[in-house]
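A.B. asks: What follows is a structure written as structure tokens; I'll ask about it next.
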Amino acid sequence: MAKITAGVGSSHVPLLGVAVDQGKEKDDYFGPIFRGYDWTREWEKAEKPDVVVLVYNDHASYFDMNIVPTFAIGCGERFGICDEGWGPRPVPEVEGHPDLAWHIAQSLILDDFDMTIFNKLDVDHGLTVPLSMMFGQPEKWPCKVIPFAVNVVTYPVPSGNRCWAIGEAIKKAVESFPEDLNVQIWGTGGMSHQLQGPRAGLLNREWDNKFLDMLESDNDDVRHIPHIEYLRETGSEGIEMVMWLIMRGAMGKKVKTLHRHYHIPCSNTAIGHIVLEPAE
Amino acid sequence: MAENPTQNIHEYLAEFEDIPGTRVYTAQRARRGYWINQFAMSMMKPENRERFKKDERAYLDEWDISEEGKQALLRRDYNALLDLGGNVYYLSKLFSADGIPFAEACSTMTDMTWPEYRQMMLDGGRKPEGNRSIRENLAAAAAAAQKN
């Protein structure tokens with residue numbers, strides 16, 4: 001049987017991709033950010049996941065205002081790399097796992113989640129930056145990836161509660177897949193940042209760390225944080241953190257924290273990273 | 001599964017307008033800014049960028065954007081564009097076409113210069129204190145005025 005063995009939370013700031021692509025990971029600015037991922041890179045080499053369900057959002061790269069799916073899953077064989085205005089990132093193409101992806105899609109729909117299914121999909125920095133952070137610069141990504149895109153741009157975005165619940169349903173779906181697969185789920189985006197208006201540049205170290213504490217907790221209070229609290233406390237783009245709740249929902253009630261890292265700033269953004277494993 | 005009580009849509013949306021210096025990308029803004037955002041998306045294609053750079057006004061005239069919107073685009077007045085329903089992820093395609101870093105474009109929406117903004121970020125960013133609620137800020141100012 002397939003099993004979700006771990007959950008990873010990580011920011012996906014585009015500048016981190018630039019740092020990897022230009023070999024700046026050890027300089028004075030990026031060094032303190034990337035050192036917080038050294039542990040995870042070694043751990044991933046030992047864990048060797050077969051598949052990562054990668055929860056991310058598209059930043060008006062492949063998706064435009066024509067179609068705005070709340071939850072979308074990539075069921076294709078492979079996914080191209082978006083040109084976000086300065087040429088596609090020089091990273092390998094992303095290989096999908098259509099059997100598991102279609103299985104999850106069907107299972108979620110039967111569990112009352114109205115999924116959008118993508119067969120053709122190009123992925124942007126929201127998906128490729130976490131891959132670079134966790135795996136560095138391999139010629140080929142070491143695992144298959146199921147892109148799981150969430151609308152966190154056009155309001156209303158899904159509630160934290162709904163994100164947690166769909167995470168629970170993803171866990172159930174994976175565990176009913178007959179093949180033996182080591183599956184991880186990653187929640188990406190955040191942490192505090194605001195990229196627009198006179199309040200741009202807002203960061204909130206205290207709130208972000210409280211959020212990380214809540215993810216580590218046995219209770220599920222974190223799922224009930226309303227949108228307005230994310231917006232007031234963590235900036236307009238801090239709302240991306242609801243995507244971490246999909247990962248946390250898929251972990252089950254209790255978790256063990258394997259690794260945690262926080263750094264301010266990266267460009268406009270607070271960097272957060274956490275590695276959890278189910279503990280039941 | 002825990003359920004959230006259904007939120008009142010009007011209350012939900014009204015609260016967004018209480019955040020200082022922030023335009024939440026609501027359906028209302030998304031509808032208003034549809035063509036501004038779709039224009040910005042067109043900047044992802046090199047041939048469109050080339051045509052735009054050659055004659056910005058002529059390129060903008062191909063889009064169903066109000067005169068106010070076109071003027072704001074020509075001025076790169078990003079706060080005005082947010083008011084007209086632009087979204088920063090869409091507008092960022094114009095930052096790229098102009099060849100300026102995202103953070104620098106963000107700084108133009110604040111009351112700081114780019115070097116000042118960059119320094120603020122290095123110093124830990126803008127603090128949430130005093131930046132959470134217009135209502136609370138007004139109440140605090142009124143209370144302070146009464147004290148004096």
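A.B. asks: Restricting to the range B:18-39, what's the tally of residues that are part of a loop (DSSP other than H, G, I, E, B) and either within 16 Å of A:Ala200 (Cα to Cα) or at the interface with chain A (Cβ under 7 Å from one of its Cβ atoms) (or both)?
C.D. replies: 9
A.B. asks: Also, quick follow-up: For the list (1) away from chain B (no Cβ under 11 Å); (2) in contact (Cβ under 8 Å) with a residue 60 or more places away in the chain; (3) touching a Pro at 6+ places or on another chain (Cβ under 8 Å), I need the number of the one condition that A:Lys254 fails.
C.D. replies: Unmet for A:Lys254, out of (1) away from chain B (no Cβ under 11 Å); (2) in contact (Cβ under 8 Å) with a residue 60 or more places away in the chain; (3) touching a Pro at 6+ places or on another chain (Cβ under 8 Å): (2).
A.B. asks: Of all residues in the range A:160-176 being over 16 Å from A:Thr234 (Cα atoms), out of contact with any Asp or Glu (no Cβ under 8 Å at 6 or more places or on another chain) and not aliphatic (A, V, I, L, M), which is surrounded by the most Cβ atoms within 10 Å (Cβ to Cβ)?
C.D. replies: A:Gly167
A.B. asks: Okay, moving on. Any residue at all in the range A:41-48 that is among the hydrophobic types (A, V, I, L, M, F, W, C) and either free of Cβ contacts under 8 Å to residues at least 40 places away in the same chain or crowded, with 22+ Cβ neighbours inside 10 Å (or both)?
C.D. replies: Looking through the range A:41-48, at least one residue is among the hydrophobic types (A, V, I, L, M, F, W, C) and either free of Cβ contacts under 8 Å to residues at least 40 places away in the same chain or crowded, with 22+ Cβ neighbours inside 10 Å (or both).
A.B. asks: Restricting to the range B:10-32, give me the number of residues that are among the β-branched types (Val, Ile, Thr) and either modelled with pLDDT under 95 or in contact with a Pro (Cβ under 7 Å, 6 or more places away or on another chain) (or both).
C.D. replies: Result for the range B:10-32: 0.
A.B. asks: Only residues that are more than 14 Å from every other protein chain (Cβ to nearest Cβ) and of a type in the set (Ser, Thr, Tyr): list them for the range B:50-84, please.
C.D. replies: Those that are more than 14 Å from every other protein chain (Cβ to nearest Cβ) and of a type in the set (Ser, Thr, Tyr): B:Tyr59, B:Ser66.
A.B. asks: Using the structure shown, decide if B:Glu11 is more than 11 Å from every other protein chain (Cβ to nearest Cβ), without any contact (Cβ under 8 Å) to a residue 24 or more places away in the chain, assigned to a helix (DSSP H, G or I) and surrounded by fewer than 17 Cβ atoms within 10 Å (Cβ to Cβ).
C.D. replies: When the stated conditions are applied, B:Glu11 does not pass them.
A.B. asks: Quick one: A:Ile185 ticks every box in (1) surrounded by fewer than 18 Cβ atoms within 10 Å (Cβ to Cβ); (2) touching a residue at least 24 places away in the same chain (Cβ under 8 Å); (3) over 23 Å from B:Phe16 (Cβ atoms) except a single one, so which number is it?
C.D. replies: Of everything listed in (1) surrounded by fewer than 18 Cβ atoms within 10 Å (Cβ to Cβ); (2) touching a residue at least 24 places away in the same chain (Cβ under 8 Å); (3) over 23 Å from B:Phe16 (Cβ atoms), A:Ile185 misses just condition (1).
A.B. asks: Is there any pair linking a residue in the range B:109-128 that is on the phi > 0 side of the Ramachandran plot to one that is part of a helix (DSSP H, G or I) and of a type in the set (Lys, Arg), with Cβ under 8 Å and at least six apart or on different chains, and which?
C.D. replies: If the second residue must be part of a helix (DSSP H, G or I) and of a type in the set (Lys, Arg), the pairs left are B:Gly124/A:Arg205.
A.B. asks: Let me ask you something else. Looking at B:Met109, B:Met44, which is the one that is within 10 Å of chain A (Cβ to nearest Cβ), over 30 Å from B:Ala139 (Cα atoms) and part of a loop (DSSP other than H, G, I, E, B)?
C.D. replies: Every option except B:Met44 fails the conditions.
A.B. asks: Filter the helices (runs of 4 or more DSSP H) completely within the range A:147-238 down to those with at least 3 residues that are more than 13 Å from every other protein chain (Cβ to nearest Cβ) and of a type outside the set (Ser, Thr, Tyr).
C.D. replies: In the range A:147-238, the matching helices (runs of 4 or more DSSP H) lie at A:160-175, A:205-216.
A.B. asks: Please work out which one of (1) assigned to a loop (DSSP other than H, G, I, E, B); (2) touching a helix residue (DSSP H, G or I) at 6+ places or on another chain (Cβ under 6 Å) is the condition A:Ile117 fails and give its number.
C.D. replies: Here A:Ile117 meets the rest and fails (1).
A.B. asks: May I ask you to verify whether B:Gln38 is within 26 Å of A:Pro156 (Cα to Cα), surrounded by 15 or more Cβ atoms within 10 Å (Cβ to Cβ) and more than 12 Å from the chain's Cα centre (by Cα)?
C.D. replies: Criteria met by B:Gln38.
A.B. asks: Which residues, taken from the range A:259-280, are in contact (Cβ under 8 Å) with a residue 40 or more places away in the chain, part of a loop (DSSP other than H, G, I, E, B) and either within 20 Å of A:Asp213 (Cβ to Cβ) or in contact with a Gly (Cβ under 9 Å, 6 or more places away or on another chain) (or both)?
C.D. replies: A:Asn268
A.B. asks: If you check B:Asn131 against the conditions, is it over 24 Å from A:Phe63 (Cβ atoms), surrounded by 20 or more Cβ atoms within 10 Å (Cβ to Cβ), of a type outside the set (Ser, Thr, Tyr) and at pLDDT 95 or above?
C.D. replies: Yes: the conditions hold for B:Asn131.
A.B. asks: Going through A:Leu231, A:Leu258, A:Leu276 one at a time, which residue ends up being at pLDDT 95 or above, crowded, with 22+ Cβ neighbours inside 10 Å, in contact with a strand residue (DSSP E or B) (Cβ under 8 Å, 6 or more places away or on another chain) and more than 16 Å from A:His12 (Cβ to Cβ)?
C.D. replies: After ruling out the rest, the residue left standing is A:Leu276.
A.B. asks: Within the range A:72-89, how many residues turn out to be closer than 23 Å to A:Asp50 by Cα and touching a residue at least 24 places away in the same chain (Cβ under 8 Å)?
C.D. replies: The number of residues fulfilling the criteria is 8.
A.B. asks: If you check A:Leu54, A:Leu16, A:Leu100, which single one turns out to be part of a helix (DSSP H, G or I) and away from every other protein chain (no Cβ under 14 Å)?
C.D. replies: The conditions single out A:Leu100.
The values are calculated or read from the model by the stated rules, or taken from the named source; none is laboratory data. The structure displayed is predicted, hence computed values, not measured ones. Don't worry about glycine lacking a Cβ; one is built from the backbone with ideal geometry, like all the others, and counts go over all protein chains shown.
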